[in-house]
Amino acid sequence: MKLRNCPECGKVFTFIRTNLCPECQKKDEENFRIVRKFLSENPGALITEVSEKTGIGEEKILRYLKEGRFSVGTKIQVKLQCELCGAAINAGRYCLPCQEKLTAGLKKVIREQNEKVAAEAKKKQEPVPQKGRPRMHSAESWLEHKKR
């Protein structure tokens, strides 16, 4: 268990999956619901308008967008850019082509790692051949016994 300080209130809490303490997490979820409700009632609103009318900061609204928490049907006028290529996007951190490239790259790395692990495991299981052809231990001991 990791202890962290909440960036909102400064309290020490046990980190589980979010960077916020439980109280601030509840408040953040309520803020998200307020923004989502406002956007459903006012589609196409500017981010500054959403912030002014809801009292929730633009940074938080942008964070919700980057986290992809708004559905595709939600319309909000904001200029987000893909973090890789700079293309205009509506939500999230990356455009669809860059998401596909990242996914393909991750799959390739994982596949290579799995192949490497499999090759190492196979090496450990194969017996190292002695001079000539590999022999079974019981056959060698029988030949030794016969020579005596």
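Points worth noting:
- Cα centre as origin, Lys/Arg/Asp/Glu Cβ charges: the range 2-120 dipole, Debye: 200
- Sites listed here are trypsin sites (Lys or Arg not before Pro) in the range 10-63 whose DSSP assignment is loop and whose Cβ has at most 16 other Cβ atoms within 10 Å: K11, R17.
- With eigenvalues of the C-alpha gyration tensor scaled by 5 and rooted, the range 2-93, Å: 26, 17, 10
- From phi via Karplus (6.51, -1.76, 1.60), per-residue ³J(HN,Hα) for the range 4-17 in Hz, x at Gly/Pro: 9, 9, 5, x, 7, 10, x, 5, 7, 8, 7, 6, 10, 9
- The range 2-93 - share of DSSP beta bridges that are antiparallel (%, nearest 5): 75
- Highest average first, the peptides 107-118, 88-99 ordered by how many other beta carbon atoms sit within 10 Å of their residues are 88-99, 107-118.
Quick note: the coordinates plus some simple rules give every number you see, no bench work behind them. All values derive from a computational prediction rather than experimental measurement. With ideal geometry, Cβ positions are generated from the backbone for all residues, glycine too; neighbour counts draw on all protein chains shown.
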